[in-house]
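The values are calculated or read from the model by the stated rules, or taken from the named source; none is laboratory data. Note that the structure is predicted; figures quoted are calculated from it, not measured. Virtual Cβ from ideal backbone geometry, glycine too; neighbours counted across all protein chains shown.
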Amino acid sequence: MLPTLAPAVSQLRLLPDILRAADPQLWRHLSSTEPFFALSGTLTMYAHDITTLGDISRLFDVLLAREPVFSVYMFAAIVRSRRAELFETPRDEPEMLHSILCKLPRPLDLEALIAAARALHAAYPPERLAAWRGISRASVLRTASDAAACAAQTMEDGEVFFWRQVAELRWLERYDKARKLLWRYRYSVRNAGLAVLIGLAAVLLRRYPWVWQNTVSVLRRWLR
C-alpha cells in the first residue's frame, strides 16, 4: 500500500525476465506487450480472478507459504500454459494479447500451474534475473524472501521498511522532475555552460597571457 504503483511495476518487470529465460520464443512473441496484465493477479493474489472457493483457498495456502515473489512465478506459469492460444494472435496486436493475458484460462488446472511455478522458481531464481536489481532492498520481495528472517520480523521492522520505500519513491520523483526539467531547458543549460567556459577562458588568458601566445604560435606552425 505504497503511495504509488511504481514498486509494483518494478516487480512485474520480473515476469518478462522469467519468460525470456524459460521460453525465449514466447518472450519474443510477447515483447511488444507490457507486463501490466499481471498487475491485478499479483496484487490481489488472484482473488479477483478465481471465483471457486476451493481453488482460491488452495492458492492462498501456496502463496502464503511461499516467498512473496512466487506470485509472479505463478503468473509466468499461467502465461506459458496459454502458449498455443497466444501464438494464434499476431505479435503486432499487443492489445489483443493483453486482453487474453488479463483473463485466467478456463478450465483452471491449479495443481499443474502450481507445479509449473515451482519448477520455474527452482530453475530461474529471482536473484539471477536482471530486473531483480531494480527491486528495492526494502521491498517485501527481498525482506521476506527467507522464511526464518521473516518470522523474526516485528511490526516495527515492517514500518521501517515501508518508510524506507516511501523515501526512495520521493527521491526518485524529485530526480525524475529534475531530469525532465534539464531536458526541457537543455539548450539554455548548454548555452549557459558555454558562456561560463568562455568566461573562465577569458580570465585565464588575462591572468596568464603566455598561454594565449604559445597557443597562437603552435597554431601558426601547424597551419604552415
- Query: Can you find even one residue in the stretch 148-166 that is at pLDDT 90 or above, surrounded by 13 or more Cβ atoms within 10 Å (Cβ to Cβ) and in contact with an Asp or Glu (Cβ under 8 Å, 6 or more places away or on another chain)?
  - Reply: no
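Yes or no, residue by residue, for (1) over 23 Å from the mean Cα position of the chain (by Cα); (2) among the polar types (S, T, N, Q); (3) outside any helix (DSSP H, G or I):
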position: 8; (1), (2), (3): no, no, no
position: 11; (1), (2), (3): no, yes, no
position: 17; (1), (2), (3): no, no, no
position: 47; (1), (2), (3): yes, no, yes
- Pair list, Cβ < 9 Å and 6+ apart or interchain, from the stretch 34-56 residues that are on the phi > 0 side of the Ramachandran plot to residues that are not in a helix (DSSP H, G or I): 46/104
- Task: List the number of the failed condition for residue 95; all other conditions in (1) farther than 30 Å from residue 173 by Cα; (2) without any contact (Cβ under 8 Å) to a residue 12 or more places away in the chain hold.
- Result: (1)
- Within the stretch 64-86, residues being within 21 Å of residue 22 (Cα to Cα) and either among the aliphatic types (A, V, I, L, M) or without any contact (Cβ under 8 Å) to a residue 60 or more places away in the chain (or both) number 16
